[in-house]
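Worksheet for the structure shown next.
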Amino acid sequence: MENSPKMSAQNLDFYYDDFRALYGITLDFQENQVTALIGPSGCGKSTLLRCLNRMNDLIPYSRADGKVLLDGEDIYAAGVDVVTLRRHVGMVFQKPNPFPKTIFENVAYGLRVNGMKDRGLLRGRVETSLKQAALWEEVKDRLNDSALGLSGGQQQRLCIARALAVAPEVVLMDEPASALDPIATQKIEELIHELKKDYTIIIVTHNMQQAARVSDVTAFFYLGKLIEADLTETLFTRPKLQQTSDYITGRFG
Amino acid sequence: MSMDVQDKKMDGINRKEGVQFRRRFIQAGMFSLFRISAVINGTALLVVVYFLVARGWHTINWTFLSQPPVDSMTQGGILPCIVGTLCLSIGAMAVALPIGVASAIYLNEYARPGRIVRLIRLGINNLAGVPSVVFGLFGLAFFVVYLEIGVSILAGSLTLGALTLPVIIGSTEEALRAVPDTYREASLGLGATKWQTIRCVVLPAALPGILTGTILGVSRAAGETAPIMFTAAVFYTPSLPTSIFDEIMALPYHIYVLATAGTDIEATRPLQYGTALVLIALVLGLNLVAIIYRSRLRKKR
Ligand SMILES: Nc1ncnc2c1ncn2[C@@H]1O[C@H](COP(=O)(O)OP(=O)(O)OP(=O)(O)O)[C@@H](O)[C@H]1O
Ligand SMILES: [Mg+2]
């Protein structure tokens, strides 16, 4: 698996004003793999994830140093179009955040803002995306109802469908199952498994079993530093560092 | 458990009866206090309305609403005033809504927080504190005289618009702030531009707040006398306006005129109350529209 990675962070530092949240992170994300980011709360997982599609640009007084490569090109280089970047690197947030629009409009939104107008095409893409997100059967008769009427788990799958609709290459997921019950969680995990055939997936999770179940590579962070990254199987069975083994076995963090 | 917490807990258990009683007593006391304040507020409105209705009701009839004043304004109706105030309200809204919403979008969505934004906000807040008669004089000096617009609906609308601007900027900013950042992030994350995000997600979500603020601001402006007495309203004109460059009569100014400078002040008292009643009905009506519209939009989500 040593072909060139889909994305990689290279010596990435991140600052919120004076506070340094990431220390020289260097990490590769391979195509068609799921990479899990784990570590105690506040260690910078979300910060790293949000650096990968430059969502952190929205935070005033914040700064990123170093490189993040997408297909070998630095997304922080001058002249990069952030809008195009975000089309290629989609994101699913920790809390489901559907728009206060209909189910259909939620999924169609990304297509519309990218200029797709044809009703038929839109319908097709919406249906495909909802099917991919394993939500179609539940909502096919109520596409014109408000998305806010869905349950939390359904809303999160809707957000996944919404992200998939624009056909990104990389999907970033920040604890996508943290607000969900075990059944919804399982659905989302199955979904991630399905999705990795077509996408590169990077997922933050607090749940060790989940990381072990869904990911191919796991990276462990502590206080803004990357402590250890390895194949998930290796990291969970034979971690190289004591710190890692303490965390995954629940002795600290 | 620390000693401190333990102690407090024991204390609480020992004196439970006394503490419970005191807490309940305070609770009841505060509650009545709040209730009384609310009741006083409601009563004030009711008294004002009752007073106006009692004194003005019998002057209101179809002639009053559909005819211009006659006999040196001691008889007849107030149609030109109603039309004038409506024109001014719509005009003020047309002036203040786009500018106010655009400013608020700039301040809240585009501008990087910093000294300049703070300075602009300070300016806006001070604008809100400027007495309305000063706006009237400004309107006279700038719109009427300097820009040579003349006393007209346009000059009055611009003046009233300037007066309502801070209210609209304030309420729009508040409405924009109330839109969760997660909506913006979701939209940008899908490859929408900032403007698409604002237009398709942020503004629709903020719309109820913006519209309510606007209507409240304008209904406030509709009742103002000072800003229009130099810029738009005239003592008397029997004809209805045909263009935005016409001068007009307006409800608040008409009341003022009848009550202070009319040909027979005492005899026109009923007309004054009738006019005031129409004005307040108009303002409350506008507010009602705002409230209904807002709840409609909220329900639609
Ligand atoms: N907007 C912000 N402004 C300032 N500091 C921030 C901001 N967001 C995060 N931080 C800080 O950066 C550090 C890393 O935060 P981050 O959200 O990346 O942690 P995390 O690993 O995702 O934690 P969690 O598991 O709780 O979500 C924390 O110390 C946090 O306080
Ligand atoms: Mg986080």
Query raised in the report: Quick check: is even one residue across segment B:106-124 more than 24 Å from B:Ala175 (Cβ to Cβ) and touching a helix residue (DSSP H, G or I) at 6+ places or on another chain (Cβ under 8 Å)?
Result: no
Report task. Taking A:Trp136 as meeting all but one of (1) touching a residue at least 12 places away in the same chain (Cβ under 8 Å); (2) touching an Asp or Glu at 6+ places or on another chain (Cβ under 9 Å), write down the number of the exception. Result -> (1)
Requested in this report: Answer yes or no as to whether A:Gly42 is out of contact with any strand residue (DSSP E or B) (no Cβ under 7 Å at 6 or more places or on another chain) and within 12 Å of ligand 1 (Cβ to nearest atom).
Outcome: yes
Query raised in the report: Do we find a residue being β-branched (Val, Ile, Thr), under 15 Å from A:Thr35 (Cβ atoms) and within 14 Å of chain B (Cβ to nearest Cβ) anywhere in segment A:216-235?
Result: no
Query raised in the report: Checking A:Met116 against (1) within 14 Å of chain B (Cβ to nearest Cβ); (2) assigned to a loop (DSSP other than H, G, I, E, B); (3) surrounded by 18 or more Cβ atoms within 10 Å (Cβ to Cβ), which test does it fail?
Result: (3)
Report summary line: The residue from B:Gly42, B:Gly84, B:Gly150 that alone is of a type outside the set (Phe, Trp, Tyr), more than 14 Å from chain A (Cβ to nearest Cβ) and not in a helix (DSSP H, G or I) is B:Gly150
Query raised in the report: Counting just the residues of segment A:157-206 that are within 16 Å of ligand 1 (Cβ to nearest atom) and polar (S, T, N, Q), which one comes out nearest to the other protein chains (Cβ to nearest Cβ)?
Result: A:Ser178
Requested in this report: Scan (1) in contact with a strand residue (DSSP E or B) (Cβ under 7 Å, 6 or more places away or on another chain); (2) hydroxyl-bearing (Ser, Thr, Tyr); (3) away from chain B (no Cβ under 14 Å) for the single condition A:Ser146 breaks and write down its number.
Outcome: (3)
Query raised in the report: Identify, please: which residue in segment A:53-96 is among the β-branched types (Val, Ile, Thr) and within 16 Å of ligand 1 (Cβ to nearest atom) and is, among those, farthest from A:Tyr199 (Cα to Cα)?
Result: A:Ile59
Requested in this report: Determine, yes or no, whether A:Ala21 is crowded, with 18+ Cβ neighbours inside 10 Å, small (Gly, Ala, Ser) and more than 8 Å from ligand 1 (Cβ to nearest atom).
Outcome: no
Report summary line: Filtering segment B:177-189 for residues that are within 14 Å of another protein chain (Cβ to nearest Cβ) and of a type in the set (Lys, Arg) leaves a count of 1
Query raised in the report: Of all residues in segment A:67-108 being part of a helix (DSSP H, G or I) and more than 19 Å from the chain's Cα centre (by Cα), which is farthest from the other protein chains (Cβ to nearest Cβ)?
Result: A:Phe104
**Report entry** All helices (runs of 4 or more DSSP H) inside segment A:182-253 with 2 or more residues being under 21 Å from A:Gly153 (Cβ atoms), acidic (Asp, Glu) and more than 16 Å from ligand 2 (Cβ to nearest atom)
**Finding:** A:182-195
Query raised in the report: So which residues in segment B:81-133 are of a type in the set (D, E, K, R) and free of Cβ contacts under 8 Å to residues at least 12 places away in the same chain?
Result: B:Arg112, B:Arg115, B:Arg118
Query raised in the report: Looking at B:Ala128, B:Ala141, B:Ala96, B:Ala104, which one is touching an Asp or Glu at 6+ places or on another chain (Cβ under 7 Å), in the same structural domain as B:Ile210 (by TED's automatic domain parsing) and assigned to a helix (DSSP H, G or I)?
Result: B:Ala104
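Rundown of residues vs (1) away from ligand 2 (no atom under 12 Å from the Cβ); (2) more than 28 Å from A:Leu158 (Cα to Cα), yes/no style:
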position: A:Pro60; (1), (2): yes, yes
position: A:Gly66; (1), (2): yes, yes
position: A:Asp74; (1), (2): yes, yes
position: A:Arg87; (1), (2): yes, no
position: A:Phe93; (1), (2): no, no
Report summary line: Exactly one of A:Leu148, A:Leu164 is surrounded by fewer than 16 Cβ atoms within 10 Å (Cβ to Cβ) and either part of a helix (DSSP H, G or I) or at positive phi (or both), and that one is A:Leu148
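Rundown of residues vs (1) away from chain A (no Cβ under 14 Å); (2) outside any helix (DSSP H, G or I); (3) in contact with a strand residue (DSSP E or B) (Cβ under 6 Å, 6 or more places away or on another chain), yes/no style:
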position	(1), (2), (3)
B:Pro166	yes, no, no
B:Ile169	yes, no, no
B:Ala175	no, no, no
B:Ala192	no, yes, no
B:Thr197	no, no, no
B:Val201	no, no, no
B:Leu211	yes, no, no
Report summary line: Counted residues in segment B:220-251 being part of a helix (DSSP H, G or I) and surrounded by 23 or more Cβ atoms within 10 Å (Cβ to Cβ) come to 5
Report summary line: Exception for A:Asn56 within (1) more than 23 Å from A:Ala167 (Cα to Cα); (2) within 16 Å of ligand 2 (Cβ to nearest atom); (3) surrounded by fewer than 22 Cβ atoms within 10 Å (Cβ to Cβ) falls at (1)
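The values are calculated or read from the model by the stated rules, or taken from the named source; none is laboratory data. None of these values were measured; they are calculated from a predicted model. All Cβ positions, glycine included, derive from the backbone under ideal geometry; neighbour counts span all protein chains shown.
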